[in-house]
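The values are calculated or read from the model by the stated rules, or taken from the named source; none is laboratory data. Keep in mind that this is a model prediction, so the values were computed, not measured. With ideal geometry, Cβ positions are generated from the backbone for all residues, glycine too; neighbour counts draw on all protein chains shown. Calculation scope for accessible area: heavy atoms of the full protein, side chains included, ligands and nucleic acids excluded. Shrake-Rupley method; radii C 1.70, N 1.55, O 1.52, S 1.80 Å.
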Amino acid sequence: MNVTFRRGAPTALICIVVVVVVTLAFLSNRLFHNLTNAVEQNQFDLMRTILRSSLRAAEDRAMARAEMVANLPTVRDLFAKRDRERLLAECGPMFEIQKSKYGVDQMQFHLPNAVSFLRLHAPPQHSDDLTKFRPLVVAVNTDRVARKGLVVARTGPAIFGVVPMVDLAGGHAGSLDVGMDFNPILDGLKATYQLELALFIAEEPLRRFATGLPGEVLTEENRRGKFIKFHSTHWTLMKDLATEADVINVTEEGYTRKLRGITYGALILPLRDPNGEQLGLLVVAKDFSASRAASGRSLVWQSLLALFAIVTLAVAVIVVIRGLLLRPVQMITERFRSLAEGDRTKPIEQPETLCQEMRELAGTYEQLRGSDEEKE
Amino acid sequence: MMKKSALHSRRWRWLLSIFLALHGATSFAEPAPALPLAGGLPVVVRTGLRFDQIDSIDENERSCTATVDLRLRWRDARLAYPKEDGALFQNFKDAAAEARMATMWVPRVELANTIGSPTFRTFSLRIYPDGQVELMQRTSSKFATSFDPQRFPFDQQKLAAEVVVRGDDQDRVALDYHQDDLDFSASGSDRKLDRWALGLTNIRREPLSGLYDTLHSRLWIELQIRRQFTMAMAPIFIPLFASLLIPLMAVYMNRVEDGEFQIDAFELCNIVIGGLFAVIALNFTVNSAYPMLGDADNTVTRLFGLNYLALGAALAIIIALFRFNLVQRALGKYVQEQLYLSIVWAAPLLVLGTAIALLLVAMA
């Protein structure tokens, strides 16, 4: 075995110190990392809850408006009489106010056979059959039970509340739907919670049903796989957070991405129509840079503390082993070697600074050196 | 006596009535156009602001000089007019715009964080047949900007314009924005800024407190900028890292033979004192050139702290080990020798590690 104690012992001890300190630092960092992950997961959960509750609230608002209008006696009477012009005159101003101030995007009366009777948002367009692309209207007119949900209508996607309408005698007269615009909902969420959002709608139903859409929606730039971006609160940012790969491989777990030096947490929420078919995606993002920066800073500080611990313990090991043991042994060995060669002129200086064991060895040396001198 | 008093009183009443009449006449001579209430309250003013040109950034003064285009859009049904063929809107510029604005309701919106008077201001007003109004205001001015140097030189800052409604609270006039306002605010991709990389533009709503607990609508339009840190590395960080070598050199310069130090502590102490003055001079220079760095906790102040700490530690080592041999007296010369030999490699490692950690923390 060629390893000397001088090198082997400190190396072994320092290696142990390094392993222990690095392990502790790693575990400590993992704990902090898990803590950060938990905080971010809470953020994701909160984002998910906010989105779901906001969509539900929008559905309720749509339903409440529909119920209210559908129960107005004048409206019931005019609709029962199929008096389109007077119905428009009665409800038109109300719809304009609802549209300009409260985010109501569409309002439409349907006949019992799901044929459009009057679109308050587009009065000239009527009498078209809705059975193919408005299953909600068909269902309401079939079982006469109010329903709500996301639907792609002629002018685009909206959150609808559909209610059956009865005439003044109590007979089924058709139905009324109210569609809430997505844009004010998303803009409101941004204003309240500092969230950035993007709404993607499947291209196929959009092309098939939303024939009244403006041309700038269905563009290449807005396309992400089979989806088309319909609205965003900050598209410059969101287009990098919701890439084609993201919207193809949708996970509801959430993911993080660093853009321009800032880490964002993003979450994709599938949007389904009342039949459970996926109609689109809602992507929501939030600035996670604070938690990420804290995590990064923690890693750096913990690494530095580990370095301090390793260096301090290594110095202590070296100083104790070499300073208290090896160097005195080396010095005493040299003295004994000199003595063996007949040189008795080298005393051990300051033996009181040596440790007890070394001092005994030094005393032995001095005894030998003294007895040799007496013999001579 | 009574008569005199009554006469005096009548004269005062007469003067008061003249004052009130005059005040009334001036107050009601040009009634301010009322809010357009056709759409109800609050009147929503869609707002966008574009940093058209950024001339300079003065971090020490915490300001930037820029030309901004403020776009305000609202609807006033009273201004609607029959659509004529050919013209999409009525257009007014500069003096004509100001004259037209004097006769209609215009939201009292101001750029609240400008410093001093604008060096240039011009207006353009468009009124559409349906009563839609678009007011563009180009302003060249100095804008107060908050700089947080904590992560210097890896910091990101925000150049901001504060748009506030004066007079009317947010229940009467509300600033709002949609995606197209954000697009307008972010436009101008050819903008460049020396030593900074331009990032995203964002708009933030933050109401401003007014009298009697009222809130006034306010928007912050913020342009993110990221410092190109290579430009800051040479003048500040190279001297800071170089000065860290002084105390290390002072310790390293000594020599130990059989547990005895060979260089006089006085000479090494001189190196440390010289280094102290060098760091003080560097600190003074940096604080003069970049006062904002001296005001707050940041990487530079931390590195200066490390410099002073290293100098102090070197001085302590020189006095304790080289001058008074305190360790030798307590534990023997071999312990002192090994301690010194360990310090020679451990101190640079720890100092360098700490300096790098300070930079990494700023980068995190």
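Based only on Cα atoms, what Rg/Rh ratio does chain A have, Rh being taken as Kirkwood's radius? Can you show the working numbers first?
Details: Rg = 40.5 Å, Rh = 27.2 Å.
Over the Cα atoms of chain A, Rg/Rh equals 1.49.
If N is the number of residues in segment B:231-363, what value comes out of its Cα radius of gyration divided by 2.2 N^0.38 Å? Write down the numbers at each step before the final one.
Numbers: Rg = 16.5 Å, N = 133, 2.2 N^0.38 = 14.1 Å.
Taking the Cα Rg and dividing by 2.2 N^0.38 Å, one obtains 1.17.
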At what distance in angstrom do the alpha carbon centres of segment B:55-121 and segment A:278-351 lie from each other? 66
Between beta-carbons, use under 14 Å as the cut-off and find the net charge around B:ALA174, counting Lys and Arg +1, Asp and Glu -1. +2
Directionally averaged shadow of segment B:43-228, computed from the convex hull of its alpha-carbon atoms, nm²: 12.2
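Please get the size of the charge dipole for chain A, origin at its Cα centre, with Cβ charges of +1 on Lys and Arg and -1 on Asp and Glu, quoted in debye to the nearest 20. Please report the intermediate quantities before stating the final value.
On the way: 46 positive and 44 negative charges, 148 e Å.
I would put it at about 700 debye.
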Spatially proximal lysines relative to B:LYS83 (Cα-Cα < 22 Å; intrachain offsets below 8 disregarded): B:LYS93
Of segment A:313-327, those with amide N under 19 Å from the point 7 Å along the Cα→Cβ vector of A:PHE336 are A:322-327
Grab the beta carbon distance between B:MET249 and A:GLU366, set R0 = 60 Å, and tell me the FRET efficiency rounded to 0.05. 0.90
Return, ordered by residue number, the residues of segment A:123-141 whose backbone nitrogen is under 13 Å from a label point located 7 Å along Cα→Cβ of A:THR211. A:125-133
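So how strong a dipole does the protein assembly as shown carry about its Cα centre when Lys and Arg Cβ are +1 and Asp and Glu Cβ are -1, to the nearest 20 debye?
On the way: 83 positive and 82 negative charges, 415 e Å.
About 2000 debye.
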Where a Cα-Cα gap under 30 Å defines reach, which lysines qualify for A:LYS258, not counting those fewer than 8 residues away within the same chain? A:LYS190, A:LYS226, A:LYS229, A:LYS239, A:LYS286, B:LYS158, B:LYS192
Pop the C-beta distance of A:GLU67 and A:THR219 into the FRET formula with R0 = 45 Å and round what comes out to the nearest 0.05. 0.75
I want to make sure I understand the PRE zone here: with the label point 7 angstrom from the Cα of B:ASP55 toward its beta carbon, which residues in segment B:116-137 have backbone N atoms less than 19 Å away? B:116-123, B:137
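Quick one: Cα convex hull volume of chain B, Å³ per residue?
On the way: hull volume 95.8 nm³, N = 364.
Here the figure is 263 Å³ per residue.
Take the alpha carbon atoms of segment A:158-310, find their radius of gyration, then divide it by 2.2 N^0.38 Å using N residues; give the quotient. Don't skip to the answer; put the middle values down first.
Details: Rg = 21.5 Å, N = 153, 2.2 N^0.38 = 14.9 Å.
Normalised Rg, Cα atoms only: 1.44.
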Whole-angstrom gap from segment A:205-244 to segment A:64-142, using each part's C-alpha centre: 28
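How much of the accessible area of chain B, in percent, comes from carbon and sulfur atoms when a 1.4 Å probe is used? Display every interim value, and only then the final one.
Values: 11470 of 19000 Å².
Here carbon and sulfur together make up 60 percent of the probe-accessible area.
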How big is the Kirkwood radius of segment B:302-343, worked out from every pair of different alpha carbons and given in Å to one decimal? 10.9
Between B:LYS83 and A:GLU277, the two model label points (7 Å from Cα along the beta-carbon direction) sit apart by a distance in nm of 3.6
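Work out the FRET efficiency for B:PHE277 and B:ILE319 from their Cβ-Cβ distance, taking R0 = 25 Å, and round it to the nearest 0.05.
Values: r = 18 Å, r/R0 = 0.74.
Computed FRET efficiency for B:PHE277 and B:ILE319 comes out at 0.85.
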Counting Lys and Arg as +1 and Asp and Glu as -1, each charge on the Cβ, what is the dipole of segment B:241-364 about the Cα centre in debye, to the nearest 20? 120
Just grab the label-to-label distance for B:PHE120 and B:GLU260, each label 7 Å out from Cα along the Cβ direction, in nm (one decimal). 8.0
Averaged over peptide B:217-226, how many Cβ atoms belonging to another chain are found within 10 Å of each residue's Cβ? 1
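Can you give the accessible area buried between chains B and A, summed over both chains, with a 1.4 Å probe, in Å² to the nearest 100? Numbers along the way, then the final one.
On the way: alone 20620 and 19920 Å², together 37340 Å².
Chains B and A together bury roughly 3200 Å² of accessible area.
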Centre separation in Å (Cα based) which lies between segment B:128-196 and segment B:242-312: 45
Describe numerically, in nm with one decimal, the distance between label points set 7 Å from Cα along Cα→Cβ at A:ALA245 and at B:ASP194. 4.0
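Semi-axes, largest first, in whole Å: what does sqrt of 5 times each Cα gyration tensor eigenvalue give for the protein assembly as shown?
Numbers: eigenvalues 1212, 297, 88 Å².
Semi-axes (√(5λ), whole Å): 78, 39, 21.
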